[in-house]
1. Select from the range A:76-87 the residues that are at the interface with chain B (Cβ under 7 Å from one of its Cβ atoms) and among the small types (Gly, Ala, Ser) and write down the one among them that is surrounded by the fewest Cβ atoms within 10 Å (Cβ to Cβ).
2. Residue under question is A:GLY42, and the condition is that it be of a type in the set (Gly, Ala, Ser), within 14 Å of another protein chain (Cβ to nearest Cβ) and free of Cβ contacts under 8 Å to residues at least 12 places away in the same chain; does it hold?
3. Please work out which residue is farthest from the other protein chains (Cβ to nearest Cβ), limiting yourself to the range A:1-39 and to residues that are touching a Gly at 6+ places or on another chain (Cβ under 7 Å) and among the charged types (D, E, K, R).
4. Looking at B:LEU251, B:LEU237, can you tell me which residue is closer than 26 Å to A:ASP73 by Cβ, within 14 Å of chain A (Cβ to nearest Cβ) and touching a residue at least 40 places away in the same chain (Cβ under 8 Å)?
5. Among the helices (runs of 4 or more DSSP H) confined wholly to the range B:173-247, which include 1 or more residues that are outside the structural domain of B:ASN331 (by TED's automatic domain parsing) and closer than 30 Å to A:ARG48 by Cβ?
6. For the range A:45-75, what are the residues that are at the interface with chain B (Cβ under 7 Å from one of its Cβ atoms), surrounded by fewer than 24 Cβ atoms within 10 Å (Cβ to Cβ) and in a helix (DSSP H, G or I)?
7. Looking only at the range B:43-64, which residues are modelled with pLDDT under 85 and either surrounded by fewer than 15 Cβ atoms within 10 Å (Cβ to Cβ) or not in a loop (DSSP other than H, G, I, E, B) (or both)?
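The values are calculated or read from the model by the stated rules, or taken from the named source; none is laboratory data. Predicted, not measured: the structure shown is a model, and the values here were computed from it. Virtual Cβ from ideal backbone geometry, glycine too; neighbours counted across all protein chains shown.
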Amino acid sequence: MAPAITVSDLRKSFGDIQALKGVSFSVEDGEIFGLIGPNGAGKTTTLRILGTLISPTSGSAVVHGYDAVKEPDKVRSILSYLPEDAGAYQYLSGEEYLKFMAGFYAHDKEKANAMVEAARGISGLEGRLKDRVNGYSKGMKRRLLIARALMMKPDVAILDEPTAGLDVIQAYHVRGMIKEYAEKMGVTMLVSSHNMLEVEYLCHRVALVNEGTVVAEGSPQELKERFNAVNLEEAFMEAAHIG
Amino acid sequence: MGSFTSIASKEIKELVRDPKILFGIVLLPLLLYPLMGQGLQISQQSVEQAVKGATFSVYTEDTGQIAGAIVQYIIKNNTVTQLHASSLQDALTQFQASKAVAMVYIPDGYSANITVGLKGNVKIYGNLRNMNLAEAQSTNVAGRSVQVYDYYYSLAIIKQLMLATNSAGSPAAIRDPISLSYASIIKGNVVEVSPDQITGLIMSQSIMLPIMVMMMVIFAIQMAATSIALEKEQKTLETLMTLPVGRLTILSGKLAGSIFIAIVGSISYMVGFSFYTASAFSFAPGLTSGSLTGTGVGITPVGYLLLGAVIFVTLVSALALAISLAVFTDNVRSAQSLTGVLIVPLIIPAMILMFSDIDMLPPVIQWVLLAIPYTHSMLASKAAFLGDYWLILRSIIYISVFTVVVLWIAAKIFSTERIITGKLTTFSLRKKPKPQ
């Protein structure tokens, strides 16, 4: 069976700066795959290429057989993308926001309502969905956004730093939400994070990214064993030859 | 609901629910302008009251009968205190200590001068205690009283001379032998109204529309730029652009939402402004457009229709420009600074054309102004008054072409990654890479 995502020798330059220097990895169907690396490693650039927001300078990014550059419309119809630090429309209620987003995927009201109901269950926000988003806490907003990204049961979900900026309790809940949904629905997920413990908890396999290249790839356990490390943080330092 | 309708309706909901926009664009004009008009009316009424109740002083050094006659006239027709002083200095001291706002001073020799056929001197002192309009106008009332006396006194003198010389004719005609009147020719019709009054009417009425359009466009630019910047700042635009919806649909949906709010804002502005003019100028009715019926001056239904089209295309062009530029900003603050720059070419033609006609300007300035689309909305309002529909059509075509070009650029920007990676600071044009 062909991988859900195939990234081959992806390169991207912004002027003189080379953000990606040949990133390659693949994600199997139903797998939660993590991109780990420090800020500026090239994680968001890779995800934005897969999300059809930007084009690579060279290389390819394929989602379920569709090329992200040549067939962006096809990719957009099967993929859901959550940007880092994303917000929702402040003056809409949570429910209105979900209905608005569902409208782009559902072709009739019934399907749209079913998606909103799914989001209600995923987010756990229940009655608070009637409130306007500007009254939500950071954690509630993130739960709403993740529910939005998953409610249409996409073939592939891309979550860029899903717990960034959240406190320990909020991050714990959000991680639980993602893991539960992925296990239940079998959705392929590509998650980026600089929180190694989070990735270890969530992901089946990870790619360690540093300065625009993948320095190591494997399951968290494999990587720890390969680099004789206690955790992924140590494995990353070894793989990236830092310290 | 289609994607376009969905985006436009989301945009309207967001904008209407934003208290800053609801208050600033919809409610403020409805509250502010009537209040301003009321304020102006109250201040004008208070000046009128102060002038009506004003008291004068009269001091005469001349004890002759002719001087006595003018003093009696002034005392009879006004609230006047006659000062008895030893000198002008003494009279001025008494005048300053009194509540009088003006002092009519008749120096010695007034009667003697008039008796021998020379001009008699009269001087009016105005006491500007508070330096306000009422004090100046009260002084003018004293002056007008002297002028009225001067007119009738001169007629009496002329009549005496005519009797003495046994001459025929009217004393008034001898005093002012030429009777001057004005008429205007508009589109071949002779109208018994002076050119000054007609241009005054056109100015006062045709200026309202450009001001309204200018205000509306400024609101719309700020609103559209803020809306895009907010979407960028909150990364909702990034999310929108990964959805299965065309980039042009996103752009046009956002434009439609902004246009709707701008139209609501302009209606609110017009209603507010009409309250303002109704109350602010209630004391000076002057010439009305009714006086010009049948002259071909005035806006016909076709004119209104064309003006509506001009306003619409102007609005769309401004919004498209604002959105195209706002995509290069990082946040709301920098978007608002950027729109400040856009407002300059809007205000310059408005300021120039408010006081001058485009044909009177040097050719280079004319071309520069004509290149700015907002100039055309100002020219169109005057053209609508004069029924010059070809000029309005020309303006609509120019603004439409400009809008299509801007929309094409905006659509191009929207379909590239520049919307995600491009940045434009207020003072410099540069692309900042932001790899992560």
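1. Applying the filter and picking the extreme gives A:SER77.
2. On the way: of a type in the set (Gly, Ala, Ser): yes; within 14 Å of another protein chain (Cβ to nearest Cβ): yes; free of Cβ contacts under 8 Å to residues at least 12 places away in the same chain: no.
No, not satisfied.
3. A:ASP9
4. Numbers: B:LEU251 fails: within 14 Å of chain A (Cβ to nearest Cβ).
The match here is B:LEU237.
5. Working: elements: B:195-206, B:208-233, B:236-240.
Because the criterion is at least 1 residues that are outside the structural domain of B:ASN331 (by TED's automatic domain parsing) and closer than 30 Å to A:ARG48 by Cβ, no helices (runs of 4 or more DSSP H) in the range B:173-247 meet it.
6. A:ASP73
7. B:SER43, B:GLN44, B:GLN45, B:SER46, B:VAL47, B:GLU48, B:GLN49, B:ALA50, B:VAL51, B:LYS52, B:GLY53
Yes or no, residue by residue, for (1) touching a residue at least 24 places away in the same chain (Cβ under 8 Å); (2) within 26 Å of B:ALA225 (Cβ to Cβ); (3) in contact with a Ser or Thr (Cβ under 7 Å, 6 or more places away or on another chain):
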{"residue": "B:ILE365", "(1), (2), (3)": "no, no, no"}
{"residue": "B:ALA383", "(1), (2), (3)": "no, no, no"}
{"residue": "B:TYR389", "(1), (2), (3)": "yes, no, no"}
{"residue": "B:TYR398", "(1), (2), (3)": "yes, yes, no"}
{"residue": "B:VAL405", "(1), (2), (3)": "no, yes, no"}
{"residue": "B:ILE409", "(1), (2), (3)": "yes, yes, yes"}
{"residue": "B:ILE413", "(1), (2), (3)": "yes, yes, yes"}
{"residue": "B:THR416", "(1), (2), (3)": "no, yes, no"}
{"residue": "B:ILE420", "(1), (2), (3)": "yes, yes, no"}
